[in-house]
Amino acid sequence: MPLWLSAQPLVLASRSDIRGKILAAAGLRFEIRPANVDERAIEAAAKPEDAYAGARILAHAKAQAVSANMPGRPVLGADQTLARGAQRFTKPKDRTDALAQLRALRGRTHELHSALALVVDGELLFQCVETARLSMRNVSDRFIDDYLDMVGDLALGSVGAYQLEGIGVHLFERIEGDYFTILGLPLLPLLAYLRNAGLVDG
């Protein structure tokens with residue numbers, strides 16, 4: 001018996017490979033339609049007061065952008081921001097930037113804010129932001145260089161230059177928070193909403 005009950009699949013407004021894998025593993029029917037938005041321009045216009053608000057604004061903007069071309073379809077936007085105190089981070093531009101981010105995060109605790117927004121025909125039906133706290137080991141420069149050699153361009157695909165589901169886990173000594181939140185998609189609140197809305201069996 002299929003878990004997804006709607007005749008039309010969910011639309012994921014993200015090109016994130018891991019978000020797609022999370023939805024597929026949860027048995028949801030979906031298709032991917034990445035949002036073509038300028039994230040930095042959206043943040044500059046909205047002037048979010050913190051990284052938490054920034055994640056919420058970006059997830060909503062992505063869902064809205066795709067919803068405009070997908071009438072009647074539930075569109076899921078998602079975004080994730082990283083902050084260490086008042087300092088915010090974005091995806092590294094190159095290896096030098098990835099190296100700088102890892103040096104700034106080592107030996108310290110930072111926060112990941114993962115947001116999602118579900119929109120149909122431009123109307124926001126559900127939104128949430130979940131936060132996880134991660135404490136990075138005080139790794140040496142040599143370890144960081146070796147790590148970047150191992151992961152290559154994967155370091156450029158995520159804010160903070162790591163993927164916890166891969167060898168990036170070796171960077172950490174303590175993690176507080178939901179695993180799916182860390183991966184960038186707060187799955188449990190999403191599934192609860194979809195069940196209540198009659199879109200998922202349960």
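The values are calculated or read from the model by the stated rules, or taken from the named source; none is laboratory data. Bear in mind that the values here come from a model prediction, so they are computed numbers and not experimental data. Here Cβ is always computed from backbone atoms with ideal geometry, including for glycine, and neighbour counts include all displayed protein chains.
Here residue 17 fits the description: of a type in the set (Asp, Glu), under 19 Å from the mean Cα position of the chain (by Cα) and within 19 Å of residue 164 (Cβ to Cβ). Of note, residue 179 satisfies the criterion of being within 14 Å of the chain's Cα centre (by Cα), aromatic (Phe, Trp, Tyr) and surrounded by fewer than 18 Cβ atoms within 10 Å (Cβ to Cβ). Exactly one residue out of 153, 145 is free of Cβ contacts under 8 Å to residues at least 12 places away in the same chain and more than 30 Å from residue 195 (Cβ to Cβ): that is 153.
Give the residue that is farthest from the chain's Cα centre (by Cα), with candidates limited to residues of segment 137-158 that are modelled with pLDDT of 95 or more and part of a loop (DSSP other than H, G, I, E, B). This residue is 140.
The requirement of being outside any helix (DSSP H, G or I), touching a residue at least 24 places away in the same chain (Cβ under 8 Å) and under 16 Å from the mean Cα position of the chain (by Cα) is not satisfied by residue 6. From the list 134, 185, 112, 125, the lone residue that is buried (at least 17 other Cβ atoms within 10 Å of the Cβ), under 19 Å from residue 9 (Cβ atoms) and either at pLDDT below 95 or of a type outside the set (D, E, K, R) (or both) is 185.
Take the residues in segment 81-91 that are within 20 Å of residue 130 (Cβ to Cβ) and without any contact (Cβ under 8 Å) to a residue 60 or more places away in the chain; name whichever of them is surrounded by the most Cβ atoms within 10 Å (Cβ to Cβ). Checked segment 81-91; the qualifying residue surrounded by the most Cβ atoms within 10 Å (Cβ to Cβ) is 83. In summary, residue 53 fulfils each of the numbered conditions (1) in contact with a strand residue (DSSP E or B) (Cβ under 7 Å, 6 or more places away or on another chain); (2) over 23 Å from residue 138 (Cβ atoms); (3) of a type in the set (Gly, Ala, Ser) with the single exception of condition (1).
From the residues in segment 27-70 that are closer than 18 Å to residue 9 by Cβ and among the charged types (D, E, K, R), which one is surrounded by the fewest Cβ atoms within 10 Å (Cβ to Cβ)? Result: 31. Under the condition of being in a loop (DSSP other than H, G, I, E, B) and touching a residue at least 40 places away in the same chain (Cβ under 8 Å), which residue from segment 159-189 is farthest from residue 149 (Cα to Cα)? Among residues in segment 159-189 that are in a loop (DSSP other than H, G, I, E, B) and touching a residue at least 40 places away in the same chain (Cβ under 8 Å), the one farthest from residue 149 (Cα to Cα) is 186. Based on this model, can you work out whether residue 78 counts as part of a loop (DSSP other than H, G, I, E, B) and either of a type in the set (Phe, Trp, Tyr) or surrounded by 22 or more Cβ atoms within 10 Å (Cβ to Cβ) (or both)? Judged against the criteria, residue 78 is not a match.
Of all the residues in segment 9-32, those that are in a loop (DSSP other than H, G, I, E, B) and among the charged types (D, E, K, R) number 2.
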